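Undergrad: Dropping a structure here in C-alpha coordinates format, bear with me for questions.
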Amino acid sequence: MSKICVIGTGYVGLVTGTCFADLGNQVTCLDLDPQRINNLLNGQMPIYEPGLEQLVKQNVQAKRLHFTTDYKKALEGIEYAFIAVGTPSGVDGEADLQYVKSSAESIADLVDWPILVINKSTVPVGTGDWVADVIRRRRGDRPLQFSVISNPEFLREGSAINDFMNPDRVVLGSEDRAAADHVAALYQTLRCTIMITDLRTAEMIKYASNAFLATRISFINEIGNMCEELGADVREVALGMGYDKRIGHTYLDAGLGWGGSCFPKDVKALEHMAVLHGTQPQLLQAVMEINRNQRRRAVMKLRKALGSLNEKTIGLLGLSFKPNTDDIRDAPALEIIHLLTNEGAHIRAYDPQAMANAAKVLKNVKLCENPYQVAEGADALLLATEWNEFKQIDFGRVKKLLRQPVILDGRNLWDSEQLKAMGFTYIGIGRGNGK
Ligand code: UGA
(Lines give C-alpha, C1' and ligand atoms only; values in the text may rest on other atoms or scores of the structure.)
Protein backbone atom coordinates (compact mmCIF):
# COMPACT_ATOMS: atom_id res chain seq x y z
CA MET A 1 0.00 0.00 0.00
CA SER A 2 1.36 3.42 -0.95
CA LYS A 3 0.29 6.90 0.13
CA ILE A 4 -0.73 9.02 -2.81
CA CYS A 5 -2.06 12.53 -3.31
CA VAL A 6 -3.76 13.45 -6.58
CA ILE A 7 -4.05 17.18 -7.23
CA GLY A 8 -7.06 18.03 -9.41
CA THR A 9 -10.35 16.14 -9.60
CA GLY A 10 -11.13 16.53 -13.31
CA TYR A 11 -11.43 13.50 -15.54
CA VAL A 12 -7.83 12.48 -15.21
CA GLY A 13 -7.36 13.20 -11.52
CA LEU A 14 -10.59 11.64 -10.32
CA VAL A 15 -10.24 8.48 -12.40
CA THR A 16 -6.54 8.10 -11.54
CA GLY A 17 -7.10 8.63 -7.82
CA THR A 18 -10.10 6.32 -7.66
CA CYS A 19 -8.36 3.55 -9.61
CA PHE A 20 -5.19 3.76 -7.49
CA ALA A 21 -7.40 3.50 -4.39
CA ASP A 22 -9.13 0.50 -5.89
CA LEU A 23 -5.73 -1.11 -6.37
CA GLY A 24 -5.29 -0.92 -2.59
CA ASN A 25 -3.46 2.38 -2.08
CA GLN A 26 -4.33 5.20 0.32
CA VAL A 27 -5.34 8.11 -1.91
CA THR A 28 -6.33 11.67 -1.14
CA CYS A 29 -7.75 13.71 -4.02
CA LEU A 30 -7.38 17.44 -3.67
CA ASP A 31 -9.27 20.18 -5.43
CA LEU A 32 -9.50 23.86 -4.56
CA ASP A 33 -13.14 24.01 -5.63
CA PRO A 34 -15.07 23.52 -2.34
CA GLN A 35 -18.36 22.81 -4.14
CA ARG A 36 -16.76 20.03 -6.16
CA ILE A 37 -15.18 18.43 -3.09
CA ASN A 38 -18.39 18.77 -1.12
CA ASN A 39 -20.31 17.02 -3.88
CA LEU A 40 -17.72 14.25 -4.05
CA LEU A 41 -17.95 13.77 -0.30
CA ASN A 42 -21.69 13.34 -0.78
CA GLY A 43 -21.19 10.81 -3.57
CA GLN A 44 -22.05 13.26 -6.36
CA MET A 45 -19.79 13.00 -9.41
CA PRO A 46 -18.72 16.18 -11.24
CA ILE A 47 -18.75 14.27 -14.55
CA TYR A 48 -20.67 11.45 -16.15
CA GLU A 49 -18.32 8.51 -16.54
CA PRO A 50 -19.67 4.95 -16.64
CA GLY A 51 -18.75 2.98 -13.49
CA LEU A 52 -17.06 5.89 -11.72
CA GLU A 53 -19.71 6.69 -9.12
CA GLN A 54 -19.83 3.10 -7.90
CA LEU A 55 -16.05 2.79 -7.73
CA VAL A 56 -15.73 6.06 -5.80
CA LYS A 57 -18.39 4.91 -3.34
CA GLN A 58 -16.73 1.55 -2.75
CA ASN A 59 -13.32 3.05 -2.12
CA VAL A 60 -14.61 5.84 0.11
CA GLN A 61 -16.42 3.20 2.17
CA ALA A 62 -13.25 1.13 2.34
CA LYS A 63 -11.50 4.27 3.64
CA ARG A 64 -8.90 4.17 0.90
CA LEU A 65 -10.18 7.24 -0.98
CA HIS A 66 -10.44 10.70 0.57
CA PHE A 67 -11.34 14.16 -0.73
CA THR A 68 -10.19 17.52 0.56
CA THR A 69 -9.58 21.15 -0.34
CA ASP A 70 -6.76 21.37 2.18
CA TYR A 71 -3.28 20.98 0.67
CA LYS A 72 -1.67 20.35 4.04
CA LYS A 73 -3.99 17.45 4.81
CA ALA A 74 -3.68 16.04 1.30
CA LEU A 75 0.10 16.05 1.23
CA GLU A 76 0.66 14.76 4.77
CA GLY A 77 3.18 11.91 4.76
CA ILE A 78 2.67 11.03 1.07
CA GLU A 79 5.27 9.36 -1.17
CA TYR A 80 3.65 10.22 -4.49
CA ALA A 81 2.13 13.55 -5.57
CA PHE A 82 0.29 13.32 -8.89
CA ILE A 83 -0.37 16.63 -10.62
CA ALA A 84 -3.56 16.23 -12.69
CA VAL A 85 -4.80 19.80 -13.01
CA GLY A 86 -6.22 21.47 -16.11
CA THR A 87 -3.96 22.95 -18.79
CA PRO A 88 -6.41 25.04 -20.83
CA SER A 89 -5.47 26.56 -24.18
CA GLY A 90 -4.04 30.08 -24.04
CA VAL A 91 -4.67 32.70 -26.73
CA ASP A 92 -2.22 31.19 -29.24
CA GLY A 93 -3.06 27.57 -28.51
CA GLU A 94 -0.23 27.27 -25.99
CA ALA A 95 -1.01 25.28 -22.84
CA ASP A 96 -1.73 27.51 -19.84
CA LEU A 97 0.44 26.21 -16.98
CA GLN A 98 -0.74 28.38 -14.09
CA TYR A 99 -2.42 25.48 -12.24
CA VAL A 100 0.57 23.20 -12.72
CA LYS A 101 2.78 25.93 -11.31
CA SER A 102 0.66 26.54 -8.23
CA SER A 103 0.49 22.78 -7.54
CA ALA A 104 4.29 22.55 -7.70
CA GLU A 105 4.61 25.57 -5.40
CA SER A 106 2.25 24.07 -2.84
CA ILE A 107 4.29 20.87 -2.81
CA ALA A 108 7.46 22.92 -2.33
CA ASP A 109 5.85 24.87 0.52
CA LEU A 110 4.38 21.96 2.46
CA VAL A 111 6.54 18.87 1.96
CA ASP A 112 9.70 18.24 3.99
CA TRP A 113 10.51 14.63 3.16
CA PRO A 114 11.63 12.82 -0.01
CA ILE A 115 8.82 12.93 -2.57
CA LEU A 116 8.05 11.88 -6.14
CA VAL A 117 6.22 14.53 -8.16
CA ILE A 118 4.40 12.90 -11.05
CA ASN A 119 2.94 14.96 -13.81
CA LYS A 120 -0.23 13.58 -15.40
CA SER A 121 -1.50 16.81 -16.91
CA THR A 122 -0.75 17.18 -20.62
CA VAL A 123 2.01 19.76 -20.68
CA PRO A 124 4.41 21.14 -23.30
CA VAL A 125 7.63 19.25 -23.80
CA GLY A 126 10.09 20.60 -21.25
CA THR A 127 7.51 21.26 -18.53
CA GLY A 128 8.87 18.48 -16.29
CA ASP A 129 12.21 20.30 -16.11
CA TRP A 130 10.37 23.55 -15.52
CA VAL A 131 8.35 22.04 -12.63
CA ALA A 132 11.60 20.85 -11.03
CA ASP A 133 12.94 24.37 -11.39
CA VAL A 134 9.77 25.90 -9.87
CA ILE A 135 10.14 23.63 -6.83
CA ARG A 136 13.88 24.29 -6.45
CA ARG A 137 13.46 28.05 -6.68
CA ARG A 138 10.55 28.09 -4.28
CA ARG A 139 12.62 26.15 -1.71
CA GLY A 140 15.59 28.51 -2.05
CA ASP A 141 18.14 27.51 0.55
CA ARG A 142 15.93 24.74 2.01
CA PRO A 143 16.70 21.90 -0.43
CA LEU A 144 14.06 19.20 -0.91
CA GLN A 145 14.77 15.66 -2.02
CA PHE A 146 12.42 15.13 -4.95
CA SER A 147 12.21 13.88 -8.53
CA VAL A 148 9.83 14.83 -11.30
CA ILE A 149 8.36 12.04 -13.40
CA SER A 150 6.17 12.49 -16.45
CA ASN A 151 3.38 9.93 -16.58
CA PRO A 152 1.06 10.89 -19.45
CA GLU A 153 -2.46 9.52 -19.42
CA PHE A 154 -4.13 7.71 -22.29
CA LEU A 155 -7.64 7.46 -20.86
CA ARG A 156 -10.62 7.93 -23.13
CA GLU A 157 -13.71 9.58 -21.71
CA GLY A 158 -16.51 7.05 -21.51
CA SER A 159 -14.14 4.12 -20.95
CA ALA A 160 -11.64 5.75 -18.62
CA ILE A 161 -11.77 3.15 -15.83
CA ASN A 162 -11.27 0.26 -18.18
CA ASP A 163 -8.47 2.15 -19.92
CA PHE A 164 -6.76 2.75 -16.57
CA MET A 165 -7.07 -0.86 -15.45
CA ASN A 166 -6.11 -2.36 -18.85
CA PRO A 167 -3.62 0.05 -20.39
CA ASP A 168 -1.87 -0.66 -23.70
CA ARG A 169 1.20 0.79 -22.00
CA VAL A 170 2.29 2.97 -19.11
CA VAL A 171 4.86 5.62 -20.01
CA LEU A 172 7.18 7.06 -17.37
CA GLY A 173 9.74 9.72 -18.13
CA SER A 174 12.41 10.90 -15.74
CA GLU A 175 16.05 11.77 -15.49
CA ASP A 176 16.10 9.72 -12.28
CA ARG A 177 15.79 6.02 -13.14
CA ALA A 178 15.26 4.91 -9.54
CA ALA A 179 12.38 7.38 -9.19
CA ALA A 180 10.77 6.08 -12.39
CA ASP A 181 11.13 2.50 -11.13
CA HIS A 182 9.44 3.54 -7.91
CA VAL A 183 6.44 4.90 -9.82
CA ALA A 184 6.44 1.79 -12.04
CA ALA A 185 5.86 -0.25 -8.89
CA LEU A 186 2.42 1.42 -8.54
CA TYR A 187 1.42 0.01 -11.94
CA GLN A 188 3.08 -3.42 -11.65
CA THR A 189 -0.16 -5.09 -10.62
CA LEU A 190 -1.75 -4.13 -13.97
CA ARG A 191 0.69 -6.45 -15.76
CA CYS A 192 1.13 -4.17 -18.74
CA THR A 193 4.09 -2.85 -20.70
CA ILE A 194 5.84 -0.14 -18.72
CA MET A 195 8.12 2.04 -20.78
CA ILE A 196 10.70 4.24 -19.08
CA THR A 197 12.18 7.14 -21.03
CA ASP A 198 13.68 10.53 -20.36
CA LEU A 199 11.29 13.29 -19.30
CA ARG A 200 10.92 15.12 -22.59
CA THR A 201 10.40 11.95 -24.61
CA ALA A 202 7.54 10.88 -22.34
CA GLU A 203 5.94 14.31 -22.71
CA MET A 204 6.26 14.06 -26.48
CA ILE A 205 4.78 10.53 -26.58
CA LYS A 206 1.54 11.96 -25.21
CA TYR A 207 1.25 14.73 -27.82
CA ALA A 208 2.39 12.52 -30.68
CA SER A 209 -0.18 9.84 -29.75
CA ASN A 210 -3.13 12.23 -29.70
CA ALA A 211 -1.94 14.04 -32.82
CA PHE A 212 -1.54 10.77 -34.67
CA LEU A 213 -5.04 9.57 -33.75
CA ALA A 214 -6.48 12.94 -34.84
CA THR A 215 -4.50 12.61 -38.07
CA ARG A 216 -6.02 9.20 -38.80
CA ILE A 217 -9.52 10.64 -38.36
CA SER A 218 -8.82 13.68 -40.55
CA PHE A 219 -7.25 11.37 -43.11
CA ILE A 220 -10.30 9.14 -43.35
CA ASN A 221 -12.58 12.19 -43.45
CA GLU A 222 -10.60 13.55 -46.40
CA ILE A 223 -10.84 10.17 -48.11
CA GLY A 224 -14.58 10.20 -47.31
CA ASN A 225 -15.03 13.53 -49.05
CA MET A 226 -13.30 12.08 -52.10
CA CYS A 227 -15.52 8.99 -51.90
CA GLU A 228 -18.57 11.25 -52.09
CA GLU A 229 -17.32 12.72 -55.37
CA LEU A 230 -15.88 9.51 -56.83
CA GLY A 231 -18.69 7.08 -56.07
CA ALA A 232 -17.07 4.96 -53.35
CA ASP A 233 -18.10 4.08 -49.78
CA VAL A 234 -15.68 5.29 -47.09
CA ARG A 235 -16.88 2.69 -44.56
CA GLU A 236 -15.76 -0.14 -46.79
CA VAL A 237 -12.59 1.70 -47.76
CA ALA A 238 -11.69 1.98 -44.06
CA LEU A 239 -12.56 -1.65 -43.49
CA GLY A 240 -10.45 -2.76 -46.43
CA MET A 241 -7.53 -0.62 -45.28
CA GLY A 242 -7.83 -1.83 -41.70
CA TYR A 243 -7.34 -5.50 -42.56
CA ASP A 244 -3.75 -4.56 -43.31
CA LYS A 245 -2.10 -5.22 -39.96
CA ARG A 246 0.19 -2.25 -40.51
CA ILE A 247 -2.88 0.01 -40.59
CA GLY A 248 -5.49 -1.57 -38.27
CA HIS A 249 -9.17 -0.69 -37.93
CA THR A 250 -9.35 1.83 -35.12
CA TYR A 251 -9.77 5.61 -35.49
CA LEU A 252 -10.87 5.29 -39.09
CA ASP A 253 -14.56 6.12 -38.66
CA ALA A 254 -15.45 9.01 -40.94
CA GLY A 255 -17.94 11.43 -39.40
CA LEU A 256 -18.26 15.02 -38.26
CA GLY A 257 -14.63 15.02 -37.09
CA TRP A 258 -12.93 14.97 -33.74
CA GLY A 259 -13.75 17.13 -30.75
CA GLY A 260 -13.47 16.99 -26.97
CA SER A 261 -11.14 18.43 -24.43
CA CYS A 262 -8.03 16.62 -25.66
CA PHE A 263 -7.47 16.27 -29.41
CA PRO A 264 -8.28 19.90 -30.31
CA LYS A 265 -6.21 21.32 -27.44
CA ASP A 266 -3.27 18.96 -27.87
CA VAL A 267 -2.95 19.18 -31.66
CA LYS A 268 -3.05 22.96 -31.37
CA ALA A 269 -0.50 23.00 -28.56
CA LEU A 270 1.86 20.71 -30.49
CA GLU A 271 1.55 22.91 -33.56
CA HIS A 272 2.28 25.95 -31.40
CA MET A 273 5.37 24.29 -29.92
CA ALA A 274 6.62 23.37 -33.38
CA VAL A 275 6.22 26.90 -34.73
CA LEU A 276 7.84 28.35 -31.62
CA HIS A 277 10.88 26.15 -32.14
CA GLY A 278 11.23 26.84 -35.85
CA THR A 279 9.87 23.64 -37.38
CA GLN A 280 6.98 23.66 -39.84
CA PRO A 281 4.07 21.53 -38.66
CA GLN A 282 2.34 21.44 -42.05
CA LEU A 283 0.69 18.10 -41.47
CA LEU A 284 -0.80 19.16 -38.12
CA GLN A 285 -2.11 22.36 -39.69
CA ALA A 286 -3.82 20.37 -42.44
CA VAL A 287 -5.22 17.92 -39.90
CA MET A 288 -6.88 20.80 -38.02
CA GLU A 289 -8.14 22.47 -41.19
CA ILE A 290 -9.72 19.24 -42.45
CA ASN A 291 -11.44 18.89 -39.10
CA ARG A 292 -12.85 22.42 -39.25
CA ASN A 293 -14.09 21.80 -42.78
CA GLN A 294 -15.81 18.59 -41.80
CA ARG A 295 -18.18 20.58 -39.60
CA ARG A 296 -18.77 23.18 -42.32
CA ARG A 297 -19.48 20.43 -44.85
CA ALA A 298 -22.33 19.15 -42.67
CA VAL A 299 -23.93 22.59 -42.83
CA MET A 300 -23.33 22.73 -46.58
CA LYS A 301 -25.04 19.37 -47.05
CA LEU A 302 -28.10 20.55 -45.12
CA ARG A 303 -28.20 23.82 -47.05
CA LYS A 304 -28.07 21.90 -50.31
CA ALA A 305 -30.80 19.50 -49.23
CA LEU A 306 -33.14 22.23 -47.99
CA GLY A 307 -32.41 24.98 -50.52
CA SER A 308 -31.71 27.57 -47.81
CA LEU A 309 -31.33 27.30 -44.06
CA ASN A 310 -33.08 30.55 -43.27
CA GLU A 311 -36.14 29.94 -41.06
CA LYS A 312 -35.67 26.19 -41.36
CA THR A 313 -35.79 24.00 -38.26
CA ILE A 314 -33.02 21.48 -37.74
CA GLY A 315 -33.33 18.71 -35.17
CA LEU A 316 -30.05 17.57 -33.63
CA LEU A 317 -29.50 14.20 -32.01
CA GLY A 318 -26.45 14.21 -29.75
CA LEU A 319 -24.56 17.15 -28.28
CA SER A 320 -21.62 15.53 -26.46
CA PHE A 321 -18.39 15.25 -28.46
CA LYS A 322 -18.81 11.46 -28.49
CA PRO A 323 -21.09 8.88 -26.83
CA ASN A 324 -20.92 7.87 -23.14
CA THR A 325 -19.87 11.26 -21.87
CA ASP A 326 -21.64 14.48 -20.90
CA ASP A 327 -18.66 16.49 -22.13
CA ILE A 328 -19.55 19.07 -24.77
CA ARG A 329 -16.15 20.77 -24.97
CA ASP A 330 -15.37 21.46 -28.63
CA ALA A 331 -18.15 19.09 -29.66
CA PRO A 332 -18.82 19.16 -33.42
CA ALA A 333 -22.54 19.57 -32.62
CA LEU A 334 -21.93 22.91 -30.91
CA GLU A 335 -20.07 24.46 -33.79
CA ILE A 336 -22.60 23.13 -36.27
CA ILE A 337 -25.39 24.69 -34.19
CA HIS A 338 -23.51 27.98 -34.25
CA LEU A 339 -23.09 27.85 -38.05
CA LEU A 340 -26.71 26.84 -38.65
CA THR A 341 -28.02 29.59 -36.38
CA ASN A 342 -25.88 32.12 -38.26
CA GLU A 343 -27.75 31.17 -41.41
CA GLY A 344 -31.11 31.74 -39.76
CA ALA A 345 -31.97 28.17 -38.79
CA HIS A 346 -33.83 27.21 -35.61
CA ILE A 347 -32.46 24.30 -33.59
CA ARG A 348 -34.10 21.60 -31.51
CA ALA A 349 -31.75 19.18 -29.76
CA TYR A 350 -31.51 16.23 -27.40
CA ASP A 351 -28.64 14.34 -25.80
CA PRO A 352 -28.91 11.41 -23.36
CA GLN A 353 -26.38 12.87 -20.86
CA ALA A 354 -25.23 16.32 -21.92
CA MET A 355 -28.44 18.33 -21.46
CA ALA A 356 -27.36 20.03 -18.23
CA ASN A 357 -24.04 21.13 -19.71
CA ALA A 358 -25.75 22.16 -22.96
CA ALA A 359 -28.32 24.28 -21.13
CA LYS A 360 -25.49 26.42 -19.74
CA VAL A 361 -24.20 27.45 -23.17
CA LEU A 362 -26.98 26.94 -25.72
CA LYS A 363 -29.36 29.81 -25.19
CA ASN A 364 -31.28 29.84 -28.49
CA VAL A 365 -31.79 26.11 -28.81
CA LYS A 366 -34.99 24.29 -27.92
CA LEU A 367 -33.75 21.51 -25.65
CA CYS A 368 -36.01 18.48 -25.97
CA GLU A 369 -36.69 15.43 -23.84
CA ASN A 370 -36.29 12.74 -26.46
CA PRO A 371 -35.54 12.16 -30.16
CA TYR A 372 -39.21 12.33 -31.12
CA GLN A 373 -39.69 15.76 -29.62
CA VAL A 374 -36.61 16.84 -31.60
CA ALA A 375 -38.19 15.62 -34.84
CA GLU A 376 -41.45 17.52 -34.28
CA GLY A 377 -41.83 20.03 -37.09
CA ALA A 378 -38.15 19.84 -38.10
CA ASP A 379 -37.11 20.21 -41.73
CA ALA A 380 -34.19 17.84 -41.22
CA LEU A 381 -32.73 15.57 -38.58
CA LEU A 382 -28.97 15.62 -37.99
CA LEU A 383 -27.28 12.86 -36.02
CA ALA A 384 -24.19 14.38 -34.40
CA THR A 385 -23.29 11.77 -31.75
CA GLU A 386 -23.73 8.02 -32.12
CA TRP A 387 -25.28 7.22 -28.74
CA ASN A 388 -26.58 3.64 -28.44
CA GLU A 389 -30.11 4.85 -27.75
CA PHE A 390 -30.24 6.45 -31.21
CA LYS A 391 -29.58 3.12 -32.92
CA GLN A 392 -33.10 1.76 -32.56
CA ILE A 393 -35.23 4.81 -33.27
CA ASP A 394 -38.79 4.31 -34.53
CA PHE A 395 -38.32 5.93 -37.93
CA GLY A 396 -41.97 5.47 -38.84
CA ARG A 397 -42.85 7.77 -35.96
CA VAL A 398 -40.00 10.14 -36.79
CA LYS A 399 -41.18 10.46 -40.39
CA LYS A 400 -44.67 11.49 -39.29
CA LEU A 401 -43.21 14.13 -36.98
CA LEU A 402 -40.74 15.72 -39.41
CA ARG A 403 -41.88 18.50 -41.72
CA GLN A 404 -39.50 17.21 -44.40
CA PRO A 405 -38.11 13.66 -44.31
CA VAL A 406 -34.44 14.67 -44.55
CA ILE A 407 -31.78 12.89 -42.51
CA LEU A 408 -28.09 13.78 -42.25
CA ASP A 409 -26.41 10.86 -40.52
CA GLY A 410 -23.21 12.52 -39.33
CA ARG A 411 -21.80 9.29 -37.87
CA ASN A 412 -22.94 6.74 -40.47
CA LEU A 413 -25.02 5.04 -37.78
CA TRP A 414 -28.18 4.11 -39.61
CA ASP A 415 -29.18 1.75 -42.41
CA SER A 416 -29.47 4.03 -45.43
CA GLU A 417 -31.25 1.46 -47.62
CA GLN A 418 -33.98 0.98 -45.03
CA LEU A 419 -34.43 4.72 -44.56
CA LYS A 420 -34.53 5.40 -48.28
CA ALA A 421 -37.11 2.64 -48.70
CA MET A 422 -39.22 4.43 -46.09
CA GLY A 423 -39.11 7.61 -48.17
CA PHE A 424 -36.38 9.54 -46.35
CA THR A 425 -33.78 11.61 -48.14
CA TYR A 426 -30.72 10.05 -46.52
CA ILE A 427 -27.33 11.79 -46.49
CA GLY A 428 -24.35 10.09 -44.88
CA ILE A 429 -20.63 10.79 -44.68
CA GLY A 430 -18.36 9.57 -47.44
CA ARG A 431 -21.02 7.43 -49.07
CA GLY A 432 -20.71 8.22 -52.73
CA ASN A 433 -21.98 4.88 -54.01
CA GLY A 434 -25.56 5.69 -53.10
CA LYS A 435 -25.68 3.14 -50.26
C1 UGA B 1 -8.44 10.97 -26.37
C2 UGA B 1 -7.47 9.80 -26.56
O3 UGA B 1 -8.11 8.76 -27.28
C4 UGA B 1 -6.97 9.27 -25.22
O5 UGA B 1 -6.01 8.25 -25.42
C6 UGA B 1 -6.34 10.42 -24.43
O7 UGA B 1 -5.93 10.01 -23.15
C8 UGA B 1 -7.35 11.54 -24.27
O9 UGA B 1 -7.79 11.97 -25.58
C10 UGA B 1 -6.67 12.67 -23.54
O11 UGA B 1 -5.70 13.20 -24.06
O12 UGA B 1 -7.06 12.93 -22.40
P13 UGA B 1 -11.04 11.23 -25.78
O14 UGA B 1 -10.85 12.70 -25.98
O15 UGA B 1 -11.79 10.76 -24.60
O16 UGA B 1 -9.60 10.48 -25.72
O17 UGA B 1 -11.80 10.72 -27.07
P18 UGA B 1 -11.63 9.65 -28.24
O19 UGA B 1 -12.47 8.46 -27.93
O20 UGA B 1 -10.23 9.40 -28.60
O21 UGA B 1 -12.37 10.45 -29.43
C22 UGA B 1 -11.96 11.76 -29.82
C23 UGA B 1 -12.82 12.31 -30.91
O24 UGA B 1 -12.57 11.63 -32.14
C25 UGA B 1 -14.33 12.19 -30.68
O26 UGA B 1 -14.95 13.40 -31.08
C27 UGA B 1 -14.77 11.06 -31.59
O28 UGA B 1 -16.09 11.18 -32.03
C29 UGA B 1 -13.79 11.24 -32.74
N30 UGA B 1 -13.54 10.00 -33.52
C31 UGA B 1 -12.91 8.94 -32.94
C32 UGA B 1 -13.91 9.94 -34.87
O33 UGA B 1 -14.47 10.91 -35.43
N34 UGA B 1 -13.61 8.81 -35.58
C35 UGA B 1 -12.98 7.74 -35.02
O36 UGA B 1 -12.75 6.75 -35.74
C37 UGA B 1 -12.63 7.80 -33.66
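Undergrad: Test of understanding: express the Cα radius of gyration of segment 125-280 as a ratio to 2.2 N^0.38 Å, with N the residue count.
TA: Here the answer is 1.31, to two decimals.
Undergrad: Here's another thing I want to ask about it. If all Cα-Cα distances of segment 3-197 are sorted into 10 Å bins from 0 onward, what percent lands in each bin, rounded to whole numbers?
TA: The calculated distribution, bin by bin, is 9, 38, 39, 14, 1.
Undergrad: Moving on to the next point. Looking at 108, 315, 71, which one has the Cα that reaches farthest to the positive end of the dipole of the chain (charges on Cβ: Lys, Arg +1; Asp, Glu -1)?
TA: Selected residue: 315.
Undergrad: Further, regarding this structure: With a/c under 1.5 counting as rounded, go ahead and sort segment 394-435 into rounded, prolate or oblate using the C-alpha gyration tensor (a ≥ b ≥ c being the square roots of the eigenvalues; past the cut-off, prolate if a/b is larger than b/c, else oblate).
TA: Prolate, because a/c is 1.5 or more and a/b exceeds b/c.
Undergrad: Something else about it: Taking all protein chains in place and a 1.4 Å probe, what share, in percent, of the accessible surface of segment 147-247 do carbon and sulfur account for?
TA: 55 percent
Undergrad: At 1.4 Å probe size, with no ligands or nucleic acids counted, give the accessible surface of residue 146 in Å², nearest ten.
TA: 40 Å²
Undergrad: By DSSP, what percent of the beta bridges with both residues in the chain are antiparallel, rounded to the nearest 5?
TA: Among the beta bridges of the chain, antiparallel pairing accounts for roughly 5 percent.
Undergrad: Roughly how many debye, to the nearest 20, is the charge dipole of segment 211-427 about its Cα centre, given +1 on each Lys and Arg Cβ, -1 on each Asp and Glu Cβ, and no other charges?
TA: Approximately 360 debye in magnitude.
Undergrad: Could I ask something else about it? On a 0 to 90 degree scale, rounded to 10, what angle separates helix 199-230 from the longest Cα axis of the chain?
TA: Relative to the chain, helix 199-230 is tipped by roughly 10 degrees.
Undergrad: Straight-line reach from residue 400: which aspartates and glutamates have a Cα under 15 Å away, not including same-chain ones fewer than 8 places off?
TA: In chain and number order, the partners are 376, 379.
Undergrad: Something else: Relative to the Cα centre, what is the charge dipole magnitude of segment 144-274, using +1 at the beta carbon of each Lys and Arg, -1 at the beta carbon of each Asp and Glu, and rounding to the nearest 20 debye?
TA: Around 320 debye, computed over segment 144-274.
Undergrad: Please list the equivalent ellipsoid semi-axes of segment 282-398, computed as the square roots of five times the alpha-carbon gyration tensor eigenvalues, in descending order and whole angstrom.
TA: So the equivalent ellipsoid measures 22, 18, 14 Å along its semi-axes.
Undergrad: Let me have the relative contact order for the chain, percent, based on Cα pairs under 8 Å that are six or more residues apart.
TA: Details: 854 pairs, mean separation 52.7, N = 435.
So the answer I get is 12 percent.
Undergrad: To continue, here is another question. How big is the antiparallel share of DSSP beta bridges in segment 3-197, given as a percent to the nearest 5?
TA: Numbers: 2 of 28 bridges.
So the antiparallel bridges amount to about 5 percent of the total.
Undergrad: Counting pairs of alpha carbon atoms under 8 Å apart in space and at least six apart in sequence, what relative contact order in percent does segment 3-197 give?
TA: 19 percent.
Undergrad: Might you report the magnitude of the Cβ-based charge dipole of the chain about its Cα centre, with Lys and Arg at +1 and Asp and Glu at -1, to the nearest 20 debye?
TA: Computed charge dipole of the chain: roughly 720 debye.
Undergrad: For segment 69-179, what relative contact order do you get, as a whole percent, if you take Cα pairs closer than 8 Å and at least 6 residues apart?
TA: Averaging sequence separation for qualifying contacts and normalising by length gives 24 percent for segment 69-179.
Undergrad: Let me ask something else. With a ≥ b ≥ c the root eigenvalues of the C-alpha gyration tensor of segment 254-337, is it rounded (a/c under 1.5), prolate (a/b larger than b/c) or oblate?
TA: In terms of gyration-tensor shape, oblate.
Undergrad: With the radius of gyration and the Kirkwood radius both derived from the Cα set of the chain, what is their ratio Rg to Rh?
TA: Taking Rh as the inverse mean 1/r over Cα pairs, Rg/Rh reads 1.01.
Undergrad: For residue 189 and residue 343, calculate 0.36 nm times their separation in residues minus their Cα-Cα distance, and state this gained length in nm to one decimal.
TA: On the way: separation 154, 0.36 × 154 = 55.44 nm, distance 5.50 nm.
Additional length available on full extension: 49.9 nm.
Undergrad: Note down the accessible area of residue 394, probe 1.4 Å, to the nearest 10 Å².
TA: 80 Å²
Undergrad: From the phi angles alone, apply the Karplus equation (6.51, -1.76, 1.60; θ = phi - 60°) to segment 95-111 and give each ³J(HN,Hα) in whole Hz, x where the residue is Gly or Pro.
TA: 6, 8, 9, 4, 6, 5, 4, 5, 5, 4, 5, 5, 4, 4, 6, 10, 9
Undergrad: Measure out, as a whole number of angstrom, how far apart the alpha-carbon centroids of segment 364-424 and segment 245-283 sit.
TA: Taking the Cα centre of segment 245-283 as reference, the centre of segment 364-424 is 31 Å away.
Undergrad: With the cut-off at 23 Å, tell me which of the pairs 265/322; 363/399; 301/322 have Cα atoms farther apart than that.
TA: As for pairs spanning more than 23 Å Cα to Cα, those are 363/399.
The values are calculated or read from the model by the stated rules, or taken from the named source; none is laboratory data. Being a predicted model, the structure only gives us computed values, none of them experimental. Backbone-built Cβ (ideal geometry, glycine too); neighbour counts: all protein chains shown. These accessible areas exclude ligands, DNA and RNA; they are computed on the full protein's heavy atoms, side chains included. Shrake-Rupley method; radii C 1.70, N 1.55, O 1.52, S 1.80 Å.
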